[in-house]
Amino acid sequence: MRGCLFVLVFAAAVLSAVAWFGSPVIASVVISSALQNAGYSAASSTVTATADPPPKLLIGRADRVEIAGSDVHFRTFHAASVDLVLSDVDIVARTASRISGRITAAELTTNAGEATGVDVAIDGPADAAGAVIVVDAATVDGLVKTTFEQRFGVAVTSTTLIAPDTIRITALGSTVVGRVLIDGTGAIAFSTSLGSSPILSLDRSFPLRLRSVRVEAGDLRIEATLDATTLLGG
């Protein structure tokens, strides 16, 4: 009888230890699988799930999930790295309450079809988090010059960004004043008396939607919204 009791106590202790120490590993594997099924891949990636107490992870609830990856792809979207933290995650339902972090060198496509990298800062509710992208004046200058050359056959001498949403373009000894905006396709564009043209667009397979753009400190500040639940397959 004592032998049976010892076995039962030992088995309970082992199961408790597995639940306490093994649940973070199990949860991380499940979340990694959900990310992959949603279209996420990376050259190197770490997913860490934590909860207090840890066995809560076994019923699919995590207080915090950290996702860190390099050379990241989400379907056809690419970024150099991601470092994201999701809070109050329901692993089964593929939902979270909040997300914060950064995407480094996220690829936007220029009007010429080339890729340029921008950093994205993210913070807010997981299904509609605020995201901020800053494109420096030098990058905008190069994009506008290339676009004008291709679209209008005109060589631009210089460009100047003026708050809140003005772009001044000098070409052939004349100056054209226009606006920077988000066009109907969701791309960053400029509009002048000569016409309008997109200069940067985001791969629409990534759930980041550009909402507004303005000039701030001489650069472009783009406000966007991220639906992080799509990343979890929700």
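The values are calculated or read from the model by the stated rules, or taken from the named source; none is laboratory data. All of these numbers come straight from a predicted model, not from anything done at the bench. Glycine also receives a Cβ, built like all others from the backbone with ideal geometry; neighbour counts cover every protein chain displayed.
Going by the conditions given, is residue 233 surrounded by fewer than 16 Cβ atoms within 10 Å (Cβ to Cβ), free of Cβ contacts under 8 Å to residues at least 60 places away in the same chain, on the phi > 0 side of the Ramachandran plot and not assigned by TED's automatic domain parsing to the domain that holds residue 35?
In short, no.
I'd like the full set of residues that are among the β-branched types (Val, Ile, Thr) and within 27 Å of the chain's Cα centre (by Cα), limited to region 145-161.
Listed by number, the residues that qualify are 146, 147.
Could you identify the single residue in 159, 139 that is within 28 Å of residue 73 (Cβ to Cβ) and crowded, with 17+ Cβ neighbours inside 10 Å?
Testing whether each residue is within 28 Å of residue 73 (Cβ to Cβ) and crowded, with 17+ Cβ neighbours inside 10 Å leaves just 139.
Yes/no per residue for (1) touching a residue at least 40 places away in the same chain (Cβ under 8 Å); (2) β-branched (Val, Ile, Thr); (3) closer than 15 Å to residue 31 by Cβ:
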site	(1), (2), (3)
92	no, yes, yes
96	yes, no, yes
110	yes, yes, no
131	yes, no, no
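Kindly indicate whether any position in region 115-127 is loosely packed, with under 15 Cβ neighbours inside 10 Å and either assigned by TED's automatic domain parsing to the domain that holds residue 173 or not in a strand (DSSP E or B) (or both).
no
What number of residues within region 189-209 satisfy the criterion of being in contact with a Leu (Cβ under 7 Å, 6 or more places away or on another chain), within 19 Å of residue 117 (Cα to Cα), without any contact (Cβ under 8 Å) to a residue 60 or more places away in the chain and part of a strand (DSSP E or B)?
So the answer is 1.
Let me confirm something: among 175, 192, which residue is loosely packed, with under 15 Cβ neighbours inside 10 Å and assigned by TED's automatic domain parsing to the domain that holds residue 214?
Testing whether each residue is loosely packed, with under 15 Cβ neighbours inside 10 Å and assigned by TED's automatic domain parsing to the domain that holds residue 214 leaves just 175.
Identify, please: which residue in region 44-70 is aliphatic (A, V, I, L, M) and more than 18 Å from residue 206 (Cα to Cα) and is, among those, surrounded by the fewest Cβ atoms within 10 Å (Cβ to Cβ)?
59
When you check residue 14 against the structure, is it of a type in the set (A, V, I, L, M), within 16 Å of residue 96 (Cβ to Cβ) and at pLDDT below 85, yes or no?
no
Could you check, for region 88-106, whether at least one of its residues is in a strand (DSSP E or B), more than 22 Å from residue 209 (Cβ to Cβ), touching a strand residue (DSSP E or B) at 6+ places or on another chain (Cβ under 7 Å) and at pLDDT 95 or above?
Yes, region 88-106 contains at least one residue that is in a strand (DSSP E or B), more than 22 Å from residue 209 (Cβ to Cβ), touching a strand residue (DSSP E or B) at 6+ places or on another chain (Cβ under 7 Å) and at pLDDT 95 or above.
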